[in-house]
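Working notes, structure below.
The values are calculated or read from the model by the stated rules, or taken from the named source; none is laboratory data. This one's a predicted model, so the numbers in the text were calculated from it and none came from an experiment. Heads up, the Cβs are rebuilt from the backbone with ideal geometry, glycines too, and the neighbour counts pull from every protein chain shown.
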Amino acid sequence: MLEGTIIQVLLIEDEDYDVRRVMNTIEPFRDRIVVRDVVADGNRALALLREQPDSYDVVIMDFQIAGGLMGEELIRGIKALDSTLQIIVITKMTINITDFNFANRLIGAGAFWYGTKYPVDIEDYIYQPTDFLLSIFNAYQKKELETERRRSTRKFARTIDRLLEQKQLLGTSPAIQDLLRQIRKIAETSANVLITGLSGTGKELVAQNIHYLSQRKFENFVPINCGSIPAELMESELFGYEKGAFTGASTKKRGLFEVANHGTLFLDEVGELPPPAQVKLLRVLQEGEIEKIGRTDKIKVDVRIIAATNKDLGAEVSTKRFREDLFYRLNVVRIDVPALRDHREDIPGYIDHFLAVFCEEANRPIPEVEPAALKTIVACEWPGNVRELKNVLQRLLFASDARITAADVEIALGRRARKPEEEFALRLGNGEAIVPWRQMERTLREKYFRFVRMRSASDAEAAKKLGLAPPNYHRMCKELGIK
Ligand SMILES: Nc1ncnc2c1ncn2[C@@H]1O[C@H](COP(=O)(O)OP(=O)(O)OP(=O)(O)O)[C@@H](O)[C@H]1O
Ligand SMILES: [Mg+2]
């Protein structure tokens, strides 16, 4: 029985005679069960628990004690301080030994166990000793389990916090702040959500934020791109099948609805969902059950649906390409993600953020963006929104050194080609921005490597021209952030 553990007990009992009886009962296990403190009133007990948190495993308390705070109120007070503490209540025999409601109320208030004291003439035991001792050991085990559960919940919560940090929706503009407010509100509910917005605006990011801020955050977030799965596979992908459901079904397959059970299913590009799958999905949303292929009974599922589209789904409905009834089921809550051109004031912040991230990844210093370059970037139309901005910034880093000029931006945007003399030219500027030698050395190496690679048919040829052994060439490319 729990070898090697020592159980710390707080005893709340106001009659010395009963304190002695408790001690007598646990006497055979006094090396394993230690009554660390004995107090005679409820307030003193709570004060002690506050002063010395995590010092006890089990509280044994008399139901009726002097001093006001007692009974269910005291049980609730103790549980509020530390919900993992387990409480065993002992009462006078005169309080109905057959009163089930009474016992139930104690358990309802948070007690772990309840026993009635022996008549006063029995000095050796407080109540049936094996029953009493076993309940202490059981209480200890429950305390351990709950402590472990609390620990893993906290660990999980920290992981989720880190995830949310990585998936942070950036932007200080009113448009983004309003979006964040909507996300927080929607995360409190389990309603289905339809996210609309142009390509690259951050629809998937919004979906992830809703999920990881919601009650379902510890469950799965399962994305599926409705446009990328062939129509004939859609059903088995969503609902799965049983072994032998059709020729070729040699094992059973879990559908995404099962994987996402209790969590969130993200239907990306929902406008691409083939008509037969639309019918099936509608039925699941209406009935909360899925029909697995090759199985007669239905399976209950609890899945939140977040759908996204960059199409005008309303227009798809009027041209009958998308089912109206399904549209209404998905469109319970609607979020419109703004286009980048509608919150240009966020662009400078995005540039700073993404350049910092990319440079950190490539282990290189962050270049300076000249004011004219910044102006050009902010003024862009950005049809591909934040995703396009990220791509352009990556291209800019590729082509420039310590400074990003307006000409660099024009080239990265594809508005004009780089002139041959600009291609790998070393720009030393007007002497204002002198960079340390180490940084310039790196720039030189990188430019020269790119220059040689552009003029070679393969990495092997480039390595040969540079007079480097291929492994060394590859290592240096990696260090320089050249793919
Ligand atoms: N507000 C934002 N803050 C930080 N990153 C963002 C923001 N909006 C978008 N992004 C980034 O831009 C890229 C595109 O975002 P996402 O994939 O969510 O867009 P989407 O709307 O789903 O695009 P598509 O319609 O093409 O599927 C991602 O790398 C995402 O992290
Ligand atoms: Mg997307």
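The residues of region 70-81 that are assigned to a helix (DSSP H, G or I) and either farther than 22 Å from Thr147 by Cα or of a type in the set (Ser, Thr, Tyr) (or both), listed by number, are Gly71, Glu72, Glu73. Pairing residues of region 329-341 that are in contact (Cβ under 8 Å) with a residue 12 or more places away in the chain with residues that are surrounded by 19 or more Cβ atoms within 10 Å (Cβ to Cβ) and aromatic (Phe, Trp, Tyr), at Cβ distances under 6 Å and at least 6 apart in sequence or on separate chains, gives Leu340/Trp382; Arg341/Trp382.
Selection of region 222-238 for residues being at pLDDT 90 or above and either among the charged types (D, E, K, R) or under 16 Å from Lys292 (Cβ atoms) (or both) yields Glu237, Leu238.
Of all residues in region 398-411, those that are at pLDDT 85 or above and part of a helix (DSSP H, G or I) total 6. Of the candidates Lys203, Lys217, the single residue that is closer than 30 Å to Phe358 by Cα, among the basic types (Lys, Arg) and within 15 Å of ligand 1 (Cβ to nearest atom) is Lys203.
Filtering Phe221, Phe239, Phe257 for residues that are within 16 Å of ligand 2 (Cβ to nearest atom), under 25 Å from Arg283 (Cα atoms), in contact with a strand residue (DSSP E or B) (Cβ under 7 Å, 6 or more places away or on another chain) and not aliphatic (A, V, I, L, M) leaves a single hit, Phe221. Restricting region 177-192 to residues that are in a loop (DSSP other than H, G, I, E, B) and among the small types (Gly, Ala, Ser) leaves a set whose member that is surrounded by the fewest Cβ atoms within 10 Å (Cβ to Cβ) is Ala191. Of the residues that sit in region 304-331 and are among the aliphatic types (A, V, I, L, M) and surrounded by 14 or more Cβ atoms within 10 Å (Cβ to Cβ), which one is nearest to ligand 1 (Cβ to nearest atom)? This residue is Ala308.
Of all the listed residues (Phe354, Phe266), the sole one being within 16 Å of ligand 2 (Cβ to nearest atom) and under 27 Å from the mean Cα position of the chain (by Cα) is Phe266. Exactly one residue out of Thr84, Thr130, Thr98 is part of a helix (DSSP H, G or I) and among the hydroxyl-bearing types (Ser, Thr, Tyr), and it is Thr130.
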